[in-house]
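Since the structure comes first, as structure tokens, the remarks are kept for the end.
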Amino acid sequence: MDDAPKRLVIATRNAHKTEEIREMIGDRFEVVDVTAFPDLPEVEETGTSFLENATLKALAISREVEGLVLSDDSGLEVDALDGRPGVWSSSFGGEEGNHAKNNERMMREMAGQEVRTARFRCVMVLAEAGEVLAHFDGSVEGRVLDEPSGGGGFGYDPLFAPEGYEQSFSELGAEVKNGMSHRGRALAKVVAWLDEQN
Ligand code: IMP
């Protein structure tokens with residue numbers, strides 16, 4: 001019998017996301033992301049919801065690689081900005097994936113704003129061979145800080161303090177963040193679902 005862990009392909013090129021998922025999923029799966037498959041096409045995130053984008057990514061990648069594919073679409077919804085940047089979180093500052101510019105714009109738009117509540121949301125889709133198997137969501141409530149603090153994490157982590165904490169996700173560190181984050185919560189549901197199938 002082959003006891004090697006099954007492969008789980010994460011439909012992202014964001015090494016931070018892959019690492020978070022790898023840490024949380026433990027040794028159940030061999031976690032790789034699409035950077036392990038250099039010939040795969042770039043999937044355009046043309047959807048207007050996290051579920052739409054996560055579905056687009058999971059289906060496109062699962063048509064190209066063998067085995068289970070897990071996609072994640074996530075972002076920050078800020079109440080004072082009517083839910084923006086939401087699905088457009090990664091290009092909020094004008095340049096796709098430029099976290100420094102995204103945080104600069106966030107600080108600019110939130111300057112002087114008293115209502116600072118916000119939440120990270122994540123939707124994950126599991127797919128295989130061009131079919132969606134299931135989808136899962138997770139969120140974490142918190143607030144946007146006036147100034148970035150801490151050096152850990154990625155994206156808006158230095159500007160986001162989860163409910164009940166003064167420190168940002170960056171300051172709290174990976175273990176605390178993963179235990180309560182939108183991605184951690186969605187992934188816990190993925191793991192429970194996968195465990196149920198076995
Ligand atoms: P996606 O790759 O289209 O899902 O975009 C996600 C974007 O949302 C990232 O580029 C970040 O700007 C933001 N984001 C999502 N999850 C997190 C997180 O855990 N911490 C900080 N920012 C996040």
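The values are calculated or read from the model by the stated rules, or taken from the named source; none is laboratory data. Bear in mind the structure is a predicted one, so any value in this text is a computation, not a measurement. Cβ: placed from backbone, ideal geometry, glycine included. Neighbour counts: every protein chain shown. Just so you know, the surface numbers come from the protein's heavy atoms only, side chains and all, with ligands and any DNA or RNA stripped out. Shrake-Rupley method; radii C 1.70, N 1.55, O 1.52, S 1.80 Å.
Tabulated data for the structure shown
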| item | result |
| --- | --- |
| When residues of region 52-83 are limited to those that are surrounded by fewer than 23 Cβ atoms within 10 Å (Cβ to Cβ) and within 12 Å of the ligand (Cβ to nearest atom), the one farthest from Val125 (Cα to Cα) | Glu77 |
| Some residue of region 129-148 being closer than 29 Å to Ala60 by Cα and in a helix (DSSP H, G or I) | no |
| Restricting region 146-159 to residues that are free of Cβ contacts under 8 Å to residues at least 24 places away in the same chain and away from the ligand (no atom under 11 Å from the Cβ), the residue that is most open to solvent (accessible area, probe 1.4 Å) | Gly151 |
| Flag if Arg105 is farther than 23 Å from Glu42 by Cβ, touching a Pro at 6+ places or on another chain (Cβ under 9 Å) and either open to solvent by 20 Å² or more (accessible area, probe 1.4 Å) or not in a strand (DSSP E or B) (or both) | yes |
| Restricting region 19-28 to residues that are in contact with a helix residue (DSSP H, G or I) (Cβ under 8 Å, 6 or more places away or on another chain) and of a type outside the set (Asp, Glu), the residue that is farthest from Arg183 (Cα to Cα) | Arg28 |
| Positions within region 57-83 being within 30 Å of Leu145 (Cα to Cα) and touching a residue at least 24 places away in the same chain (Cβ under 8 Å), in sequence order | Ser71, Asp72, Asp73, Ser74, Gly75, Leu76, Glu77, Val78, Asp79, Ala80, Leu81 |
| Residue list for region 84-96, restricted to those being among the acidic types (Asp, Glu) and surrounded by 15 or more Cβ atoms within 10 Å (Cβ to Cβ) | none |
| Cross-chain or 6+ apart pairs with Cβ under 7 Å, region 12-25 first and of a type in the set (Lys, Arg), then part of a helix (DSSP H, G or I) | Arg13/Val34; Arg13/Thr35 |
